[in-house]
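Colleague: This is the structure I have questions about; it appears just below.
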Amino acid sequence: MLGVGLLDWESHVKAMQVKWLLKYLDASTSTWKLVLDCWLARTSLGRAAILSSIPAKVLTKSMRGNIALPQFWSQALEALHALALTQTSLSRDGMLSQPIWDNRHHPPPKIPPLLRDRWESLEVTVVHNTFSDRNGARHYTKDENQAYIDTDLDHHYFQNKRINNERFLDSWDIITQHCDTNIAPFQSIKHNKPSPPARGSPAHVQITTDGEYIIYIDDLPFKATQNTLGELTVGEALVLTPDNIDPSPPTRWGKGYKGPRRE
């Protein structure tokens, strides 16, 4: 600073504050995080809310009158948002975990606020909530959604307002199309037979109840065959259901794919 090597104290303080927010997001468990959750994790996104487009004043506002969040954390949240973090390339799981409504990188689906609030009340908050399977292969259908909301006897009313059931279900197509086009475009990528990695690369392998092998590449399942040497050769892409995965054999890491045959 000023050419004399002085520390920019304001920037230093902001860096320390942001560092503590990153500690808040890590996997460690501490009592202070549970206290901070009362403010920063009060929405359906949980702790991830601090990385969303939810305004800082919503997350830091006082609770029950005079119970206010210490100023340190309010300033830390402002410093974090001021960084204007950019989104790098995401894995399939990363895309599926992206928020639908409060995404800093994508605007929300264009549906009326009342319908949005209703979908949020049904726990449709992140992309994977729209899928019927863990791999993001198929969205829930309108019939499945209808069966789900029918369990609520007052599903035609929300926030003391009547909801048109047909219009509500039609908004599902807008939500899923928005997710597929903007937030998680992996659906448009063709995953047929990928090029296997170098011989000896570790691979995530599972065994089905039929004794067949499934190998995962970038979290996507593919059929695999095993030769007498225990080497696996990747095959066609698969759509898995919970019924055909045998939970008894432990997940194993194989010795790698069978290398390409030299002509």
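Colleague: Calculate, for Thr31 and Arg134, the FRET efficiency according to 1/(1 + (r/R0)^6) with r their C-beta to C-beta distance and R0 25 Å; round to the nearest 0.05.
Modeller: It comes to 0.20.
Colleague: Could I ask something else about it? Along Cα→Cβ, 7 Å out, is where each label goes; now give me the distance between the ones at Gln159 and Gln87 in nm to one decimal.
Modeller: 2.4 nm
Colleague: Which net charge results when you count Lys and Arg as +1 and Asp and Glu as -1 among the other residues whose beta-carbon is under 12 Å from that of Pro55?
Modeller: +1
Colleague: State which entries of Lys57/Lys161; Lys19/Lys61; Lys61/Lys161; Lys33/Lys61; Lys57/Lys142 exceed 25 angstrom in Cα-Cα distance in the structure shown.
Modeller: Over 25 Å Cα-Cα: Lys57/Lys161; Lys61/Lys161; Lys57/Lys142.
Colleague: Give me the distance in nm between label points sitting 7 Å out from Cα along the Cα-to-Cβ direction at Lys19 and Asp143, one decimal.
Modeller: In this crude spin-label approximation the distance works out to 5.7 nm.
Colleague: Let me ask you something else. Report the gain in length on full extension from Lys223 to Glu166: 0.36 nm times residue separation, minus Cα-Cα distance, nm rounded to one decimal.
Modeller: Once the chain is fully extended between Lys223 and Glu166, it gains 16.5 nm.
Colleague: Set the Förster distance to 30 Å, then compute FRET efficiency between Lys61 and Asp150 from the Cβ-Cβ distance, nearest 0.05.
Modeller: E between Lys61 and Asp150, to the nearest 0.05, is 0.25.
Colleague: On to the next question. Provide the gained length on full extension for the span Lys110 to Thr181, in nm with one decimal, where the gain is 0.36 nm per separating residue minus the Cα-Cα distance. Walk me through the intermediate numbers first.
Modeller: On the way: separation 71, 0.36 × 71 = 25.56 nm, distance 1.34 nm.
Separation in residues times 0.36 nm, less the Cα-Cα distance, equals 24.2 nm.
Colleague: Hey, another quick one. Give me the dipole magnitude in Debye, nearest 20, for the stretch 19-146 about the Cα centre, with unit charges on the beta carbon: positive for Lys and Arg, negative for Asp and Glu.
Modeller: Its charge dipole is roughly 280 debye.
Here, each number is a calculation from the coordinates, and none is a lab measurement. All values derive from a computational prediction rather than experimental measurement. Positions of Cβ are backbone-derived with ideal geometry, glycine not excepted, and every protein chain shown enters the neighbour counts.
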